Every structure is written in structure tokens, then in C-alpha cells.
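Chemist: Just dropping this structure here.
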Amino acid sequence: RPLPEKWHGLKDVEVRFRQRYLDLISNEEVKGVFRLRCKIINKIKEFLNKRGFLEVETPMMHYVSGGASGKPFKTHHNTFDTDLYLRIAPELYLKKLLVGGYEKIYELNRSFRNEGISLKHNPEFTMLEVYKAYSDYKGMMDLTEELISYVVKEVLGTLQIKYQGKEIDLTPPWLRKSFAKTIGIDSKEDNPEAWKKVLKEKFGLSIEKGISRSSLLNLAEDILEQQQINKPVFFTDYFTEVSPLAKTKKDEPLLTERFELFIGGLELANAYSELNDPIEQAERIRRQQEKNEDKKHKIDEDFITALEYGR
């Protein structure tokens, strides 16, 4: 068949995404994006390998869907006559490896979530998960900042980048802000009605009646995505309500030792001091299960058992 006219390139978005080979033939810029992605992945591995991290692979099909909040794709194993789930995250398997004695590990993993599609969400995607025994969320913030600035400098030769027409300066140190304080919610007041009042007065949000506390906090998080767009920012002090796998702050029981990194209006990373108390972890997962629309959602009891051995 005749190829698209190369002088003007292939412009039809529908054709570009459905027939990616034509897009690559016609648009050199798109080819460059894929080459850039390859360089980025190689530099990520280089950075972690030099620091003694071991690359691992964990199962993509799980008996129990866990490690993140997301709706899984379901499949069926004929030989065992049992339902399985494509992983929404490799987190629980990686933590079991920590229990087994691997102290510094990472996985560039393919994960799947049976949810909506947008410019920020895809049902099939690649993400990096990194674990380091005896570290905490502050140590992981340092590691994240070092990793990203190293990769960008190695691949692009500069820490001044452009994204969506905006200049972004990735020069460390990056900003660190409290989620609770930035939103204006009293971290010692467990009162959703007071939270609603703050969000309405400060950000003009119209909040529906009967909204859950976790949904309310997710709304607040959406506001932060557009803040500090020209400079990376770590937001810390996330509420326990929306952080079931994170350690609670000793002096503020409503908050956890967790951060999310925002660059250019995008959430780029999420990490925390790992909750390693098996009793508290089991209770947190059970509370989350009670709120889950899918009443058949199971708890990964083997993960709780692993924590009992490896605490």
C-alpha cells in the first residue's frame, strides 16, 4: 500500500495509535521518543546496579490481587481450575524477597489495571519499584532525587528541560512540603466535615454529600498536581486513611511516613516507610477490604505470614 505522505507526516491521531508502524515510518520525532525511552531504562539500571541493587522478576499472575489500589484483570488457569489476576503492582512479592534476605532490589515491571484510559492512565503500563532494607521514606526521597537527576543529566546532558511548553529545573535539592499543611487540614483533627469546609473555602471545591474520607483526600491530592509546576516537589504527610501499607508517624497517628513526587503537574513517584508490623498491617488491609466494592476481594494471608517471619 502507498505510505503516508512523508513531507507532512501522519497527522490522524486514530491512525497513529492504531497503526503505530505507520506512525514510526512517517514521524521521525516519534522514533526518537522510543529511542529516548530505551536510553532512560538503560541509565536507570546503570544507576541502581552501581549502587548494589539486584534486578529481579516477580510473577505477573497473582492468586490474590494486592500491593496497590486498583481493579485487576481476571483470567482463569485451566489446569488448576482457579481464577488468577494480572498484577496491579509487584509490591507484595518484592517485600517477600526482602524477608528472604535480599536487602536492595528493584523491578522494572509491567502492571495492569482494569480502569479508565486517559493521558495519565493506561490499562497496561511499565513502572519501577525499588526497595532498600533499613531505609525509610526520607532515604527513598534522597534516592529518587539522585536517580532522576542522574538519568536526565546522562540522557539529555542538562537538568533544564521543557515539558508541555514549560521550563522545568531539575537541579537538586528539590522542594519538600507537607501535604496536610499545604491543603490546610489539621493533621490532629479526624473530622471529615472540617476537612470539607477547608477544601471548599480554600480551593472552592463543591463536594458532594456522603463522599468518603479517602475520596475527599484524593480530591485534595488532585489539587496538588498543578502546584510547583516549574520545580519538582515532594509532598509528605499523607493520611493513614489513604496509605494502608505505610508506617504511621509516631507523633501524628493520622499521618504516615509517605511521599509523592510531582514534576510538571504529574505524579511521578510514590513511596513510604514500609509498614512491617504484621498485626497492624492485617488490620489495615481488612479495613480497606470492607470499603472495597468487590466483596470477593481477598487478603494476601501469605504476605502477612511473611511479615511475621521477617519483622
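The values are calculated or read from the model by the stated rules, or taken from the named source; none is laboratory data. Every value quoted in this text rests on a predicted model; they were computed, and no experiment measured them. So basically every Cβ, Gly included, is an ideal-geometry build from the backbone, and we count neighbours across all protein chains shown. Protein only, heavy atoms only, side chains kept; ligands, DNA and RNA dropped before computing areas. Shrake-Rupley method; radii C 1.70, N 1.55, O 1.52, S 1.80 Å.
Chemist: Do you know which of the residues in region 138-171 that are open to solvent by 30 Å² or more (accessible area, probe 1.4 Å) and of a type in the set (Ser, Thr, Tyr) is farthest from Val33 (Cα to Cα)?
Modeler: Applying the filter and picking the extreme gives Thr171.
Chemist: Which numbered condition in (1) at pLDDT 90 or above; (2) surrounded by fewer than 20 Cβ atoms within 10 Å (Cβ to Cβ); (3) in a helix (DSSP H, G or I) is the only one that Glu290 fails?
Modeler: (1)
Chemist: Also, I was wondering about something else. So in region 256-278, with the set limited to residues that are among the aromatic types (Phe, Trp, Tyr) and closer than 29 Å to Glu301 by Cα, which one is most open to solvent (accessible area, probe 1.4 Å)?
Modeler: Tyr272
Chemist: Conditions: (1) more than 19 Å from the chain's Cα centre (by Cα); (2) open to solvent by less than 30 Å² (accessible area, probe 1.4 Å). Glu91 meets all but one. Number of the miss?
Modeler: (1)
Chemist: From the list Arg20, Arg51, Arg16, Arg37, exactly one residue is within 30 Å of the chain's Cα centre (by Cα) and at pLDDT below 85. Which is it?
Modeler: Arg16
Chemist: Follow-up question, since we're still on this one. Kindly indicate the residue of region 221-255 that is aliphatic (A, V, I, L, M) and at pLDDT below 75 and also least open to solvent (accessible area, probe 1.4 Å) among those meeting that condition.
Modeler: Leu224
Chemist: Out of the residues in region 41-98 that are acidic (Asp, Glu) and out of contact with any strand residue (DSSP E or B) (no Cβ under 7 Å at 6 or more places or on another chain), state the one that is farthest from Met127 (Cα to Cα).
Modeler: Here the residue is Asp81.
Chemist: May I ask you to say which residue of Arg16, Arg35 is part of a helix (DSSP H, G or I) and open to solvent by 100 Å² or more (accessible area, probe 1.4 Å)?
Modeler: After applying the criteria, what remains is Arg35.
Chemist: Could you count how many residues in region 221-244 are of a type in the set (A, V, I, L, M, F, W, C), touching a residue at least 40 places away in the same chain (Cβ under 8 Å) and out of contact with any strand residue (DSSP E or B) (no Cβ under 7 Å at 6 or more places or on another chain)?
Modeler: 1
Chemist: Going through Trp195, Trp174 one at a time, which residue ends up being touching a residue at least 12 places away in the same chain (Cβ under 8 Å), within 30 Å of Cys38 (Cα to Cα) and either touching a strand residue (DSSP E or B) at 6+ places or on another chain (Cβ under 8 Å) or crowded, with 19+ Cβ neighbours inside 10 Å (or both)?
Modeler: Details: Trp195 fails: within 30 Å of Cys38 (Cα to Cα).
One residue alone meets the criteria, Trp174.
Chemist: Scan (1) open to solvent by less than 40 Å² (accessible area, probe 1.4 Å); (2) out of contact with any Leu (no Cβ under 9 Å at 6 or more places or on another chain); (3) under 30 Å from Asp251 (Cβ atoms) for the single condition Ile183 breaks and write down its number.
Modeler: Every listed condition holds for Ile183 apart from (2).
Chemist: Among the numbered criteria (1) open to solvent by 50 Å² or more (accessible area, probe 1.4 Å); (2) assigned to a helix (DSSP H, G or I); (3) not charged (D, E, K, R), which single criterion is violated by Phe47?
Modeler: It fails just one condition, (1).
Chemist: Of the residues in region 55-84, how many are open to solvent by 30 Å² or more (accessible area, probe 1.4 Å), outside any loop (DSSP other than H, G, I, E, B) and in contact with a helix residue (DSSP H, G or I) (Cβ under 9 Å, 6 or more places away or on another chain)?
Modeler: 1
Chemist: Against the condition free of Cβ contacts under 8 Å to residues at least 60 places away in the same chain and either among the hydroxyl-bearing types (Ser, Thr, Tyr) or outside any helix (DSSP H, G or I) (or both), how does Thr126 come out, does it pass? Talk me through it step by step, then tell me what you get.
Modeler: Values: free of Cβ contacts under 8 Å to residues at least 60 places away in the same chain: yes; either among the hydroxyl-bearing types (Ser, Thr, Tyr) or outside any helix (DSSP H, G or I) (or both): yes.
In short, yes.
Chemist: Related question: Failed condition for Glu29, given (1) part of a helix (DSSP H, G or I); (2) at pLDDT 90 or above; (3) open to solvent by 40 Å² or more (accessible area, probe 1.4 Å), with all others met?
Modeler: Here Glu29 clears every test but (2).
Chemist: For region 207-220, give me each residue that is touching a residue at least 24 places away in the same chain (Cβ under 8 Å) and either outside any helix (DSSP H, G or I) or open to solvent by 40 Å² or more (accessible area, probe 1.4 Å) (or both).
Modeler: Those that are touching a residue at least 24 places away in the same chain (Cβ under 8 Å) and either outside any helix (DSSP H, G or I) or open to solvent by 40 Å² or more (accessible area, probe 1.4 Å) (or both): Ser212, Arg213, Asn218.
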